[in-house]
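Notes to accompany the following structure.
The values are calculated or read from the model by the stated rules, or taken from the named source; none is laboratory data. Bear in mind the structure is a predicted one, so any value in this text is a computation, not a measurement. Cβ sites come from the backbone with ideal geometry, for glycine too, and all protein chains shown count toward neighbours. Please note that ligands, DNA and RNA were not included when accessible areas were found on the heavy atoms of the full protein model with its side chains. Shrake-Rupley method; radii C 1.70, N 1.55, O 1.52, S 1.80 Å.
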Amino acid sequence: LGTTPGMVIIKATNDLGAWSVAALKDDGKYAGLSLNLDSAASPLGVSGEFAGLYDTYIDVGKYSGQIAAVNVQGWTYVVYLFAHDDSDEGLIQCGSFTNDGTDVDLGWEPQFLLTKPYSTASGWYMHDSARGFDSSGSKNLMPNTQAKELTEEPAYTFYPTATGFHNPAGYFGNTVEVVYMAIRLPNTPE
């Protein structure tokens, strides 16, 4: 792999099953989540999806009869790996923040942002510059629902800044811990 992933998403392609997610938090640990559910996170490895993430491989758990199992003999899977590079030249950053109104500093402007509270039951939110990701009221999609695109109120919206993104206080409730994946805007000034 070359680097330890910041986020991993796995889904069975030939059978029913959840979208299993391992998301890096700022403490260096991972939250075990599901992209299609709004449930709170479990520690990595507890629910059986992932046994560990390393810079040369990912270790998936053993099949335990759960619908989110990622290691069933005879099944096929798609795996999406997202890097975490917090250097000035990095393209993707993963981590966590407290939803307290303090802007998140990435060192660059994002074009895509995926967020999910990991300590409470709440949905996933996807924001991107192609659909409207600004202070006037970002549009978002929720991959864990079938809901149509929503436009947020300007006072309660995530939006990019030149060095990261605005974190609106109270969006998920005060002091809620949130995981994120941000992808850099490609046309950055030199």
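Relative contact order (percent) for the chain, with alpha-carbon contacts under 8 angstrom and 6 or more residues of separation?
23 percent
How much of the pair distance distribution for segment 111-190 lies past 17 Å, counting alpha-carbon pairs only, in percent?
Percentage above 17 Å: 44.
HN-Hα J couplings of segment 112-122 from phi, Karplus 6.51/-1.76/1.60, θ = phi - 60°, integer Hz, Gly and Pro as x?
Per residue, the Karplus-derived 3J(HN,Hα) values read 9, 9, 10, 10, 7, x, 9, 8, 9, 7, 6 Hz.
In what sequence, largest accessible area first, do Tyr180, Tyr80 appear using a 1.4 Å probe?
Tyr80, Tyr180
Can you list the residues, at least 5 places off or on another chain, whose amide H is less than 5 Å from the amide H of Phe50, using H built in the peptide plane?
Here the answer is Gly45, Gly61, since their amide H atoms fall under 5 Å of that of Phe50.
Which of rounded, prolate or oblate describes segment 75-152 when judged by the alpha-carbon gyration tensor and an a/c cut-off of 1.5?
Verdict is rounded for segment 75-152.
How do the peptides 12-19, 27-34, 85-92 rank, highest first, by the average count of neighbouring beta carbon atoms within 10 Å per residue?
By packing density, highest mean first, the sequence is 27-34, 12-19, 85-92.
To the nearest 0.05, what FRET efficiency results for Asn36 and Thr3 with a Förster distance of 30 Å applied to their C-beta separation?
0.65
Of Gly61, Gly95, Gly74, which has the largest mean-square fluctuation in a 10 Å C-alpha GNM of the chain?
Most flexible of the set in this elastic network: Gly74.
From the mean inverse distance of alpha carbon pairs (Kirkwood) and the Cα radius of gyration, derive Rg over Rh for the chain.
0.97
Counting only heavy atoms of protein chains, what accessible area per residue, in Å², does the chain have with a probe of 1.4 Å?
50 Å²
Rounded to whole Hz and in sequence order, give me ³J(HN,Hα) for segment 101-106 from the Karplus expression 6.51 cos²θ - 1.76 cosθ + 1.60, θ = phi - 60°, writing x for Gly and Pro.
Residue by residue, segment 101-106 yields x, 7, 4, 8, 9, 9 Hz.
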